[in-house]
Each structure stands twice: as structure tokens, then as C-alpha cells.
Amino acid sequence: MKTLPSFDELAALAQTDPRALETLRLKMSEEVIANASHATQPQLHAMLSHINRMIDHGKNPLHVNMMLFQALTRQYSRFSTAFTNPDALRSHQADIMEFKVGQTANAPTPPTQSR
């Protein structure tokens, strides 16, 4: 596996050739995924896709970093719960609601008229 360049090299690359930095990020990410177990590769690809979407939708680099930090914090919280209280992850229940064709999710069902 390729070694990550130093921070100074990455910072210089970001200033001089941002596209090359993005190419390096994607190439190294794919390399890490390829070296992971086959069982975890789909999850890692999904995670990379999610990260890429956040990067694409960010308004500026600071906004992207804030979104990535929030996502990392949520994931850390889930891991913490999995280790300290795994039953809490399995205890969620959902309400099953009837959904009729032509009805929007939040709109009430119109009253029926009798003749």
C-alpha cells in the first residue's frame, strides 16, 4: 500500500493542484478498501460514497469539514453505544401506517362524502 505523503506535501498539493490531491484521495481510499476484508468492502464503499456526496454538496472547504466532523461524531456515538449498550441498537420499533395511492406522506386523508 502506498504511503501517505507528509502534511506539508499534501498542503502544497492542495495549493498547486487540487485535482491531483482529489485523485490521490480517491486512489488511496480505493486501495484501503481493496485491502479490507471482502465482508467489509460494501460498507466501506457506501461510506466512501457518503463522504464523496458530502464533499460535493459542501459550500466551501470549511462547510465540508463541519459536515464530515458531524458525520464522524454521529458514527463515534453509534460505536460507543454498540460497545456499552448493544441492546439499545436492537430495541427500536417502528409504527406501521397505512399509505394510500395518491396520498402524500404528511397529508391527512380527505373526508369521504356520502350521497
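The values are calculated or read from the model by the stated rules, or taken from the named source; none is laboratory data. Only a predicted model underlies this, so the values are computations on that prediction, with no experimental measurement involved. When we count neighbours, we look across all protein chains shown, and the Cβ atoms used for this are built from the backbone with ideal geometry, even at glycine.
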- Message: For segment 74-104, give me the residue count where each residue is more than 26 Å from I51 (Cα to Cα) and of a type in the set (G, A, S).
- Response: 4
- Item | Single match in A88, A71, A82 (criterion: at pLDDT below 90, within 30 Å of R25 (Cα to Cα) and either in the same structural domain as M1 (by TED's automatic domain parsing) or surrounded by 10 or more Cβ atoms within 10 Å (Cβ to Cβ) (or both)) | A82
